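Some notes on the structure that comes next.
The values are calculated or read from the model by the stated rules, or taken from the named source; none is laboratory data. Since we're looking at a predicted model, the values are computed, not measured. We place every Cβ from the backbone using ideal geometry, glycine too, and count neighbours over all the protein chains shown. Calculation scope for accessible area: heavy atoms of the full protein, side chains included, ligands and nucleic acids excluded. Shrake-Rupley method; radii C 1.70, N 1.55, O 1.52, S 1.80 Å.
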Amino acid sequence: MTDGRVTLVSGNWKMNENHFEALKLVQELAALLRASGVPKGREVSIHPSFTSLRTVQTAVETDHVPVALGAQNCHFEDRGAFTGEVSAEMLAKLNVSYVIAGHSERRTYFGETDLLVRRKVDAILAHGMRPIVCVGETLDERSAGEAFSRVTHQVAEVLSGRSGEVVGGVVVAYEPLWAIGTGETASVEDAEQMCAAIREEVGRFAGAGAAASIRLQYGGSVTPETAGALLDAKNVDGLLVGGASLDAERFVGIVRAQA
Ligand code: 13P
């Protein structure tokens, strides 16, 4: 990572941890981070399920845990007849700072399209939070030589048509589908090349300033052992961590990783 961007290490807890377990996990994180600290120039966010957000918010604020609160999804409308949904407005009221939008599991299992993700990003931004926009290609797309066109197309569909300043404040997470939950991490070269391509695409539609300040995460089977080299790559400004974020020691190992 270069150019003075603050790296962002995010823990996506997915559909794990009920609110009792979530409280235990955040307390373990608090103890470890109190002992070792978050490295300078690095930021941490944790993304519990909706039912744990209020509990985790209270714990983080009461104990001054050095992590930002994140959510995993939201609806694009503020309120209305959308049974079972949670709005960006509701998340903002819980002091949520980062909201994941368009995670591949939502695209795959819940049919989310780029257009829907774009509307969610609108709502997240309208309520003063930062979206973490997930993009990534399947193994078939990579094998067919379509990885770069697929991913840059997703980025443009969701983020183009906004001011450079807005785009520069967004986070994009490159998560190749074949690396999620598989134990198969993309090589540092793969992650770096794709993040460089995303940055170039952002420059094309939002200008050089946006390209320089937008933060690009890598996600997919990140471990404390692989995190340092990934974070050291020029265009990788952070990590989006699934499985390893459910273990406080492993997650803090990633938070503190150096090349
Ligand atoms: P894993 O780290 O479990 O592969 O998950 C990655 C991910 O999808 C984070 O959003």
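The table below lists the values:
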item: Solvent exposure, largest accessible area first (probe 1.4 Å, DNA, RNA and ligands not counted), of HIS75, HIS47; result: HIS75, HIS47
item: Local electrostatic count, VAL56, Cβ distance below 14 Å [Lys/Arg +1, Asp/Glu -1]; result: -3
item: At most 14 other Cβ within 10 Å, DSSP loop - trypsin sites (Lys or Arg not before Pro), the range 154-259; result: LYS234
item: Solvent exposure ordering (accessible area, 1.4 Å, most first) of TYR218, TYR109; result: TYR109, TYR218
item: Placed amide H near ALA173: partners under 5 Å, 5+ positions off or other chain; result: VAL133, CYS134, VAL135, GLN217
item: Mean accessible surface per residue for the range 117-259, computed with a 1.4 Å probe while every protein chain stays in place, in Å²; result: 38 Å²
item: Radius 15 Å from Cβ of ALA248, net charge of other residues (Lys, Arg +1; Asp, Glu -1); result: -2
item: Accessible surface ranking that places the most exposed of ASP232, ASP114, ASP63, ASP140 first, with a 1.4 angstrom probe; result: ASP140, ASP232, ASP63, ASP114
item: Of PHE82, PHE20, PHE205, the one that fluctuates the most in a GNM where the chain has Cα springs shorter than 10 Å; result: PHE82
item: Heavy-atom accessible area per residue - the range 1-114, 1.4 Å, Å²; result: 50 Å²
item: Distant-in-sequence amide H partners of ALA71 (H built 1.01 Å from N, under 5 Å); result: TYR98, VAL99, ILE100
item: Cα-based reach from LYS120 at 17 Å (exclusive), listing lysines while leaving out same-chain residues under 8 positions away; result: LYS93
item: Over the chain, volume per residue of the alpha carbon convex hull, in Å³; result: 115 Å³
item: Apportionment of accessible area to carbon and sulfur, the range 152-238, percent (1.4 Å); result: 49 percent
